[in-house]
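Trainee: Below you'll find the structure I mean.
The values are calculated or read from the model by the stated rules, or taken from the named source; none is laboratory data. Predicted, not measured: the structure shown is a model, and the values here were computed from it. Cβ placement follows ideal geometry from the backbone for every residue including glycine, while neighbour counts extend to all protein chains displayed. To get the accessible areas, we keep the full protein, side chains included, count just its heavy atoms, and leave off ligands, DNA and RNA. Shrake-Rupley method; radii C 1.70, N 1.55, O 1.52, S 1.80 Å.
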2 protein chains.
Amino acid sequence: MNKSFNEAVEARRSHYAIGKEIALSDDALRDIVEHAVKFVPSAFNSQSSRVVVLLNDEHDSLWELTRENLRKIVPEEAFGPTNDKMNAFKSGYGTVLFFEDQAIVEGLQAQFGLYKDNFPVWSQQSSGMLQYVVWTGLDAEGLGASLQHYNEVIENDVKKAWSLPEKWKLIAQMPFGKPLAAVNEKDFGPLEARVKVLG
Amino acid sequence: MNKSFNEAVEARRSHYAIGKEIALSDDALRDIVEHAVKFVPSAFNSQSSRVVVLLNDEHDSLWELTRENLRKIVPEEAFGPTNDKMNAFKSGYGTVLFFEDQAIVEGLQAQFGLYKDNFPVWSQQSSGMLQYVVWTGLDAEGLGASLQHYNEVIENDVKKAWSLPEKWKLIAQMPFGKPLAAVNEKDFGPLEARVKVLG
């Protein structure tokens, strides 16, 4: 991967049409995720992020689990598009699950009372940074990914299915695979209203 | 800047000792910030992030404003280290102020009631992504930066001083400049406890 930082930032997009035939080894996937987890910063270097990468049958199970949980709450006559989405995500090669360990966040809150209300916010910001670096890292290696948020619908069952600690709060799901379609043009609003340089 | 994405991610660190003699033009600084704001993703492509870059006298004013507001709440006998910090940040070349436009977030909440509670969280995650990309972008160009959070202490005065919209919520401050000292070794915890690959 020889993309510059700027090129990688420009190239990263949401890919919803993904397949299982990827050109990357499972070890290379692990390297991308571990590299991101290692180098992305966290408040007070608390390293509160946790990541589970589901591949093969485990990946398939996640999207079947999500499908069945959604079936309980989405009206049957509206389930078609939801079902299609589950099929699309399941068609990918794997899913990265992002968590924040609330044991760490609560520990910081107990230790540094002055910032009590800030630690959960900083934890979310750090998770955002990590999601971004994994996403861009996968994209730079030729994979396609998107960011999904079925947190409330699946969190308990995910922890049960993969025996994860109770204190790991589920933040996002990133299904990824071989990109199967070109992405659409993205709509960028004018920057003048969003960036000011003064002085 | 020819660093690869991975190299840039590895190199980014917090720099607290910074000076004003930078080798980058103000236009190049603007490019780094605009590039990040343009390409960093946001929930529903809502583009809720706002950035103000303060340079020269405006940068100095920010840290004098922060100093005077802190002087009102930090006990006089403990003010020495706080005062030193203000001097250190003011010694930099500029500061990037990160905001999230609550008019956008509230608009999404009104429009998509199902995700009402999620939009403020996703806005914080997106701001984290943006902070990260600006930070790493500055670092990749040879600048040193750190992330500060004097939000509650300065938000109202900052909006008054630079005539910013009431709905812009201040999220973070990033003073930057010429790095004046080598950074310390960073403490990385073991990855086995933080990353699982299953399947």
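Trainee: Six or more apart or on different chains, Cβ atoms under 7 Å: show the pairs whose first residue is in the range A:1-13 and small (Gly, Ala, Ser) and whose second is open to solvent by 40 Å² or more (accessible area, probe 1.4 Å).
Mentor: What qualifies is A:4/B:1; A:4/B:2; A:4/B:3; A:11/A:3.
Residue-wise test of (1) within 10 Å of chain B (Cβ to nearest Cβ); (2) within 18 Å of residue A:69 (Cβ to Cβ); (3) open to solvent by less than 10 Å² (accessible area, probe 1.4 Å).
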{"residue": "A:116", "(1), (2), (3)": "no, no, no"}
{"residue": "A:127", "(1), (2), (3)": "yes, no, yes"}
{"residue": "A:132", "(1), (2), (3)": "yes, no, yes"}
{"residue": "A:144", "(1), (2), (3)": "no, no, yes"}
{"residue": "A:149", "(1), (2), (3)": "yes, yes, no"}
{"residue": "A:166", "(1), (2), (3)": "no, no, no"}
{"residue": "A:177", "(1), (2), (3)": "no, no, yes"}
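Trainee: Of a type in the set (S, T, N, Q), open to solvent by 30 Å² or more (accessible area, probe 1.4 Å) and not in a loop (DSSP other than H, G, I, E, B): does that describe residue A:109?
Mentor: So residue A:109 passes the test.
Trainee: Considering only the range A:32-39, I want to know if a residue exists there that is part of a helix (DSSP H, G or I), within 9 Å of chain B (Cβ to nearest Cβ) and more than 15 Å from residue A:132 (Cα to Cα).
Mentor: No - not one qualifying residue is present in the range A:32-39.
Trainee: On to the next question. Got a number for residues in the range A:44-63 being of a type outside the set (Val, Ile, Thr) and crowded, with 22+ Cβ neighbours inside 10 Å?
Mentor: Filtering the range A:44-63 for residues of a type outside the set (Val, Ile, Thr) gives A:44-50, A:54-63.
Among the residues that remain, those that are also crowded, with 22+ Cβ neighbours inside 10 Å are: A:47-50, A:54, A:59, A:62-63.
Matching residues across the range A:44-63 total 8.
Trainee: With the requirement that a residue be within 22 Å of residue B:58 (Cβ to Cβ) and open to solvent by 50 Å² or more (accessible area, probe 1.4 Å), what does the range B:179-199 give you?
Mentor: Filtering the range B:179-199 down to residues within 22 Å of residue B:58 (Cβ to Cβ) leaves B:179-180.
Listed by number, the list holds a single entry, B:180.
Trainee: Return the residue satisfying two criteria in turn: it lies in the range A:64-84 and is in contact (Cβ under 8 Å) with a residue 40 or more places away in the chain and of a type outside the set (A, V, I, L, M, F, W, C), and of such residues it is least open to solvent (accessible area, probe 1.4 Å). So that I can check it myself, show each step before the final result.
Mentor: Initial filter on the range A:64-84 (in contact (Cβ under 8 Å) with a residue 40 or more places away in the chain): A:65-66, A:69-70, A:73.
Those left that are additionally of a type outside the set (A, V, I, L, M, F, W, C): A:66, A:69.
On the way: A:66: 0, A:69: 19 Å².
This residue is A:66.
Trainee: Next question, about the same structure. Can you list residue pairs whose Cβ atoms sit under 6 Å apart, with the first residue in the range B:141-161 being over 18 Å from residue B:61 (Cα atoms) and the second being among the β-branched types (Val, Ile, Thr) and crowded, with 17+ Cβ neighbours inside 10 Å? Count only pairs 6 or more apart in sequence or on different chains.
Mentor: B:144/B:18
Trainee: What number goes with the only condition from (1) over 16 Å from the mean Cα position of the chain (by Cα); (2) outside any helix (DSSP H, G or I); (3) not β-branched (Val, Ile, Thr) that residue A:50 does not pass?
Mentor: Every condition holds for residue A:50 apart from (1).
Trainee: Only residues that are open to solvent by less than 60 Å² (accessible area, probe 1.4 Å), facing chain A (nearest Cβ under 9 Å) and touching a strand residue (DSSP E or B) at 6+ places or on another chain (Cβ under 9 Å): list them for the range B:1-25, please.
Mentor: Residues satisfying the conditions are B:4, B:5, B:8, B:12, B:13, B:14.
Residues checked against (1) free of Cβ contacts under 8 Å to residues at least 12 places away in the same chain; (2) over 27 Å from residue A:15 (Cα atoms); (3) within 7 Å of another protein chain (Cβ to nearest Cβ):
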| position | (1), (2), (3) |
| --- | --- |
| A:163 | yes, yes, no |
| A:171 | no, no, no |
| A:183 | no, no, no |
| A:196 | yes, yes, yes |
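Trainee: Condition check: among the aliphatic types (A, V, I, L, M), over 14 Å from the mean Cα position of the chain (by Cα) and either open to solvent by 30 Å² or more (accessible area, probe 1.4 Å) or modelled with pLDDT of 95 or more (or both). Does residue A:28 satisfy that? Write out each step before concluding.
Mentor: Numbers: among the aliphatic types (A, V, I, L, M): yes; over 14 Å from the mean Cα position of the chain (by Cα): yes; either open to solvent by 30 Å² or more (accessible area, probe 1.4 Å) or modelled with pLDDT of 95 or more (or both): yes.
When the stated conditions are applied, residue A:28 passes them.
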